[in-house]
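The values are calculated or read from the model by the stated rules, or taken from the named source; none is laboratory data. The structure presented is a predicted model; accordingly, all values stated were derived computationally and were not measured. Note that each Cβ is placed from the backbone with ideal geometry, even for glycine, and that neighbours are counted across all protein chains shown. Remember, those area values only see protein heavy atoms, side chains included, never the ligands or the DNA or RNA. Shrake-Rupley method; radii C 1.70, N 1.55, O 1.52, S 1.80 Å.
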Amino acid sequence: MCSNPNDFSKYLVIFVDILGSKNRTNFQEMYKVNKIFHEEFEKNQKNDKLHTVYFRKIYTFSDCAYIFYGFKSGIADERKDLGKLFTVALCNCEPLFLRFLKEKIIFRGGISYGDAYIDPHRNMFFGDAVNRAYKLESETAIHPRIVIEEFVATKVMNNISMVKDTMRKQYMYFGGMMPKISETGDGIVEEDKDGEYIFNYLHSPENNISLTDCYIFGKVFIEELVDYCIEQINNNKQYKIIDKYYYLLRFSKDKLNNLLETEEN
């Protein structure tokens, strides 16, 4: 974090906005949204080690959250691998988004990297990366998706490619079987139909959903999401609401078909 309040630092900024909040006035529903944000964040923090080179911070307000990832102060430049940092951040956030979907809470967001300032003692944050993440959510995402800046998306995909290549060489040399693709982070970033890079939050539900020690396998999880989208489309008359669920329905069906094809092969 910044030691000098006159300086910006570089952060990965993830902005998430819960959709349909204008109709969410019940205290318990609003409390649940914020509770999920913080519970998942706290789970991640418990896994942090002293040797971890990055830190994270979350700020929530109403139905929104900003999540920051940055390198700890004093870390040598040669250890500051942006591709690895971005990949870790996305993989860490996937369980959060899956949990929202399990609770039938839909969202959209934006992810950027650049200048920002955060003061955890005053709950203060601002900067260009903060503004760009918000702009991606409010002006580009439109649908229940999380849009990622090209710079961040490219870094993630390049990092995953390098990890897969290294693993492939190791397994060819030592023998054994290659790990599951999901364990490398492969597929967590993809290009949407309009050319925007997006966070594939249905990348690996079978590995990331764990609610009250009950594991929900990917196929069942996505099938339930598909059924929910169809139900919402049939029960709503407002175009904006229907359009959001049509997008999520298409997205979910694509991922379900991918799972079925993988099973067949």
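Here are the numbers:
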read-out	value
Among (1) free of Cβ contacts under 8 Å to residues at least 24 places away in the same chain; (2) farther than 14 Å from THR87 by Cβ; (3) β-branched (Val, Ile, Thr), the one test that THR140 misses	(1)
Number of the exception - VAL152 against (1) in contact (Cβ under 8 Å) with a residue 60 or more places away in the chain; (2) among the β-branched types (Val, Ile, Thr); (3) in contact with a Gly (Cβ under 9 Å, 6 or more places away or on another chain)	(3)
Identity of the residue in the stretch 63-101, among the hydroxyl-bearing types (Ser, Thr, Tyr) and under 19 Å from the mean Cα position of the chain (by Cα), that ends up nearest to PHE125 (Cα to Cα)	TYR66
Test result for TYR228, in a helix (DSSP H, G or I), at pLDDT 90 or above, of a type in the set (Ser, Thr, Tyr) and farther than 19 Å from PRO205 by Cα	no
Strands (runs of 3 or more DSSP E) wholly inside the stretch 40-152 containing at least 3 residues that are open to solvent by less than 50 Å² (accessible area, probe 1.4 Å)	54-61, 64-71, 107-119, 146-148
The stretch 49-67 residues that are without any contact (Cβ under 8 Å) to a residue 24 or more places away in the chain and under 15 Å from CYS93 (Cβ atoms), paired with ones that are in a strand (DSSP E or B) and open to solvent by less than 20 Å² (accessible area, probe 1.4 Å) (beta carbon under 8 Å, 6 or more apart)	ILE58/ALA65; ILE58/TYR66; ILE58/ILE67; ILE58/PHE68
